[in-house]
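Novice: This is the structure I want to talk about, given as structure tokens.
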Amino acid sequence: MWIHVFKIAYKVLLRRKFFTFVSLFGTGLTILVLVVVAAMLDDLLAPRAPEVHLDRTLQVSRMAMRGEQREWTGSPGFGFLDRYCRDLPHVTTMSIFTVGQDVATFVAGEKIVSQLRRTDAAYWRILDFDFLDGRPFGESEVTDGAPVAVLTSSAARRIFRDRDPVGASFDAGGQTLRVIGVVRDVPFFRSSAYADIWAPYTTAATEDYRTRLMGGFQALLLVDSRARFDEIRAEFASRLPHVEMTDPEHYDRMDGGPWTRLEEVASEVAGTSDESERPRTGWFLGALGLLALLFMLLPAINLVNMTMSRIFERVSEIGVRKAFGASTGQLVAQFVMENVLLSVVGGLIGLGLAFWVLHLINASGWIPNADLVVNYRVVSYGLLLSMFFGVLSGAYPAWRMARLDPVQSLRGGER
Amino acid sequence: MNETLVLENRSAPVRTGTAVRLTGVAKVHRTDRIETVALSEVHLEVGEGEFLSVMGPSGSGKSTLLNIVGLLDRPTEGTVEIAGQAMNGLSDRELAPLRNREIGFVFQTFHLIQDLRVRDNVEIPLLYRRLPRGERRALAEAALERVGLSARMGHFPAQLSGGQRQRVAIARAIVGRPRILLADEPTGNLDSRMGDEIIAILEELNREAGTTIVMVTHDARLAERTNRIVRLFDGRQVQ
Ligand SMILES: Nc1ncnc2c1ncn2[C@@H]1O[C@H](COP(=O)(O)OP(=O)(O)OP(=O)(O)O)[C@@H](O)[C@H]1O
Ligand SMILES: [Mg+2]
């Protein structure tokens, strides 16, 4: 049966080349856009190096400190993370590090701005950086506040030009750091890993950060299994009431929680103001789906129109199939299937185009260090979306075609 | 699997029961303004293994009658029985497999699917049964052999003459070994020599496989060759 459907679909495609071209082109462009978006989301949400364990990582990157009159939302402080977030159950590794900060380096009178993160040693264990040369800094260097740094290869090239960076020193925001490692550039969307320069957090200019509850830091919690996320959230929540406030006159409590990357992005997009609630990812994904649907609707309606205008070509076939035992349901299935095949071909074209467009985006520097790829996840999204598009644009014409009266369909007509 | 067994059994000529029984069948087409009576008060019994012709002037309801017997159309009044089973009140889903197993159609204008090769056209009725591909193919080839078109299996309908196309249509109608073959002016678009060939094939099917045949024709000479002639006039049976 499938081979038969395939043959017919193929012939129908060849019959009107212009129609086929227009519909494949339309489907291809639609799928292209959706696949590019899917590749970006995949880049953001899927575990990709250095964030290889993203699927079992929670992050504490946004907290709120509240009082009668005041509210402070933003990144948590080192004091809070270090004192209240350690030793959560099932957390195998925890890393505390700063949000990125721009620092300037002057090379031969030219100002070079890089993004610097100050991190602990565990950072290098949770995230899997690709070391091109040298090594990360370890526990003792962090304890001692050793003025060492890891650079990305392009930061190293900007600062040291042709010189070998490892072992060399440079000035970052008025502080001299010695390079001990060079890593491959990190794409912008790997948000906890993205930076140009990394140094031990103990190299910070002052010690103020140690006690602060809010500001400038974030934490990654590597969990042994994602099934434990809720348990960890519950423990985290139970610790919050015991936080000793540093400014009890103005603030009396802290809200927030360890979130997944998806929850993080969802709250970012929704602009959630209440940190005490877990971001509703269902809404976010639902909204994404709805946007995709709306985006597909217009080309689908176009295709429906084109298909409807060609029903007459197949009237005799419909009559014959009914006369020889096809039920209306079977015919609907056949026509929908035909359309799905057509859409999948269009989808493959779209995927091919996406491959090329993503390459252009990567090369354009529009997103720093972009490394958008068509991987198996993106391919399966593309195929699923094109199948869905096939059903969307094929269901109504199929239903109309299958309901034609066989007696009328078989009347006359030279065949 | 059961299905094929039953079919095999049926290929032997059995001339005992009634293949088709119409009782008080009427068909009225109602549109907003007018009511057209296509058939009224038709009582017809076709014996198993019978070869019957239906004659009558244009518009007398011959095609309507055939479509009702073939379960493509529903009568507005009366009952239709196929092989002793009443068809009233059956849904499209229930009728479709009955059409598939019991009925084969041959049309004046062939109605072959232009996009499919001869072999694939003939296979169509088998697609709506759960048959493995190899078996479908073998049955289609056997049916084509039966109508003498083994050599044309890979052709497209457009590459065949009218007579050959009608033979393909007959192969398609008999490939599922239906109990009843319904032919609506099968020779209407053919010259008399090709028409004779087609009738010869139908006669042979009737004689050898015991297929019940109801054929609409305008050609008295061909009608004479069948067992019985039913005449319609203005939707009524006159004989
Ligand atoms: N859908 C319909 N609406 C209204 N009238 C119809 C419809 N279908 C058929 N009729 C009428 O029913 C009558 C019988 O039609 P039918 O096609 O059965 O005639 P026929 O005997 O096969 O004619 P012919 O020899 O020309 O094929 C005709 O008067 C026709 O106009
Ligand atoms: Mg007619």
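Novice: Label B:Arg33 and A:Leu293 with points 7 Å out from Cα along Cα→Cβ: what is the distance between them in nm?
Specialist: Calculated label separation equals 4.5 nm.
Novice: What is the calculated FRET efficiency for B:Phe233 to B:Thr79, with r their C-beta to C-beta distance and R₀ = 35 Å, to the nearest 0.05?
Specialist: Step by step, r from the Cβ atoms, then E = 0.95.
Novice: Can you give the Kirkwood hydrodynamic radius for region A:1-134, in Å, rounded to one decimal and based on Cα pairs?
Specialist: 20.9
Novice: To continue, here is another question. As a test, work out the antiparallel percent of DSSP beta bridges whose residues both lie in the protein assembly as shown, rounded to the nearest 5. Write out the running numbers ahead of the final one.
Specialist: On the way: 56 of 82 bridges.
So the antiparallel bridges amount to about 70 percent of the total.
Novice: When the Debye formula is applied to the Cα atoms of region A:202-317, each taken as the same point scatterer, what base-10 log of I(q)/I(0) results at q = 0.14 Å⁻¹?
Specialist: Log10 I(q)/I(0), no solvent term: -0.82.
Novice: Further question on the same structure: Assuming 0.36 nm per residue, please report the length gained on full extension of the stretch A:Asp252 to A:Gln101 beyond their Cα-Cα distance.
Specialist: 51.5 nm
Novice: Hey, how much of the P(r) for chain B falls beyond 25 Å, as a percent of Cα pairs?
Specialist: Numbers: 11447 of 28441 pairs.
Across chain B, Cα pairs with separations above 25 Å total 40 percent.
Novice: Strictly greater than 25 Å: what percent of every Cα pair in region A:141-246 meets that?
Specialist: Details: 2287 of 5565 pairs.
Looking at region A:141-246, the distances longer than 25 Å represent 41 percent of pairs.
Novice: Which residue fluctuates the most in chain B, going by a Gaussian network model with Cα springs under 10 Å, if the choices are B:Phe105, B:Phe51, B:Phe156?
Specialist: With Cα springs under 10 Å in chain B, the top fluctuation among B:Phe105, B:Phe51, B:Phe156 is at B:Phe156.
Novice: Set the Förster radius R0 to 22 Å, insert the Cβ-Cβ distance between A:Asn305 and B:Gln114 as r into 1/(1 + (r/R0)^6), and round the FRET efficiency to 0.05.
Specialist: With R0 = 22 Å, the Cβ-Cβ based efficiency is 0.35.
Novice: Something else now. More than 22 angstrom separation, counting every C-alpha pair in region A:299-396; what % is that?
Specialist: 46
Novice: A follow-up question, please. Using only the Cα atoms of region A:62-258, what are the Rg and Dmax in Å?
Specialist: Final numbers for Rg and Dmax: 18.1, 57 Å.
Novice: Applying 1/(1 + (r/R0)^6) with R0 = 35 Å to the Cβ-Cβ distance of A:Ile361 and A:Arg83, what FRET efficiency is obtained, to the nearest 0.05?
Specialist: 0.25
Novice: Taking only Cα atoms and a 10 Å spring cutoff, compute GNM fluctuations for chain B and point out the largest among B:Leu202, B:Leu131, B:Leu112.
Specialist: The residue with the greatest mean-square fluctuation here is B:Leu131.
Novice: Now for a separate question. Can you pull the semi-axes for chain A, root of five times each eigenvalue of the Cα gyration tensor, sorted largest first, whole Å?
Specialist: Values for chain A, descending: 56, 26, 16 Å.
Novice: Give the long-range amide H neighbours of A:Ala149: residues separated by 5 or more places, or on another chain, with amide H under 5 Å away, using H modelled in the peptide plane at 1.01 Å from N.
Specialist: Amide H neighbours of A:Ala149: A:Arg178, A:Val179, A:Ile180, A:Gly181.
Novice: Now for a different question. Which of B:Val238, A:Val320 has the fewest other C-beta atoms within 10 Å, and how do the rest follow up to the most?
Specialist: B:Val238, A:Val320
Novice: Only counting other Cβ atoms within 10 Å, I'd like A:Trp198, A:Trp366 sorted with the fewest neighbours first. Present the calculation step by step, with values, prior to reporting the outcome.
Specialist: Working: A:Trp198 27, A:Trp366 10.
Placing the least packed residue first, the sequence is A:Trp366, A:Trp198.
Read-outs: derived from the displayed coordinates by stated rules, not from any lab. In this text, all values refer to a predicted model and were calculated from it rather than measured experimentally. Backbone-built Cβ (ideal geometry, glycine too); neighbour counts: all protein chains shown.
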